[in-house]
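For reference, the structure discussed in these notes is given below.
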Amino acid sequence: MLFFGKKKDINAGIEEYKSTKGALLLDVREVNEYKNGHVPGALNVPLSTLGTRIAKAVPEKDRPLFVYCLSGARSGNAEGILKSMGYTRVENIGGINAYKGNIEK
């Protein structure tokens with residue numbers, strides 16, 4: 001979530017993801033963006049196909065999902081969509097543009 005314009009810290013979000021049992025890291029950018037570099041271990045389900053693909057990719061509605069995109073805007077939209085679909089543990093961790101860790105291609 002964004003609070004009064006303050007963005008989430010993706011680096012802190014990645015650490016929380018790593019320490020959360022059963023968590024899934026979800027990259028909601030488009031496939032070409034994901035292929036150009038993503039956080040290691042992230043599953044790519046683009047926002048444009050989230051509504052039709054997420055139930056097959058993540059059938060467990062209570063699985064912890066840590067969602068990111070480029071800047072945090074699309075992941076914020078994804079968080080709302082996922083919650084409206086019944087996913088109960090969704091966290092928008094912001095954008096990869098502020099990520100300081102290793103990038104996987």
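The values are calculated or read from the model by the stated rules, or taken from the named source; none is laboratory data. Everything numeric here is computed off the predicted structure, so don't read it as measured data. Reconstructed Cβ throughout: ideal geometry from the backbone, glycine too, with neighbour counts over all protein chains shown. For accessibility, only protein heavy atoms count, side chains too; no ligands or nucleic acids. Shrake-Rupley method; radii C 1.70, N 1.55, O 1.52, S 1.80 Å.
Descending by average beta-carbon neighbour count within 10 Å, the peptides 45-53, 67-75 line up as 67-75, 45-53, the highest first.
Quick check: net charge around Leu70, other residues with Cβ under 11 Å of its Cβ, Lys/Arg +1 and Asp/Glu -1? Local charge sum for Leu70: -1. Each label point was placed 7 Å from the Cα along the Cα-to-Cβ direction; for Glu15 and Arg63 their separation is 2.6 nm. With all protein chains kept in place, the per residue accessible area of the chain amounts to 56 square angstrom at a probe of 1.4 angstrom. A simple count of charges around Tyr87, restricted to other residues whose Cβ falls under 10 Å of its Cβ and scoring Lys, Arg +1 and Asp, Glu -1, yields +1. Quick one: pull the percent of accessible area on the chain belonging to carbon and sulfur, 1.4 Å probe, ligands and nucleic acids left out. Carbon and sulfur atoms account for 55 percent of the accessible area of the chain. Annotation for Thr52 and Ala98: the two label points, set 7 Å from Cα along the Cα-Cβ direction, are 3.3 nm apart. For Gly94, the residues 5 or more places off, or on other chains, whose built amide H falls under 5 Å of its own are Cys69. Cα extents for the chain along the principal axes, largest to smallest and rounded to whole angstrom: 31, 31, 26. Around the Cα centre of the stretch 23-62, unit charges on the Cβ atoms of Lys, Arg, Asp and Glu (plus for the first two, minus for the last two) sum to a dipole of about 100 debye.
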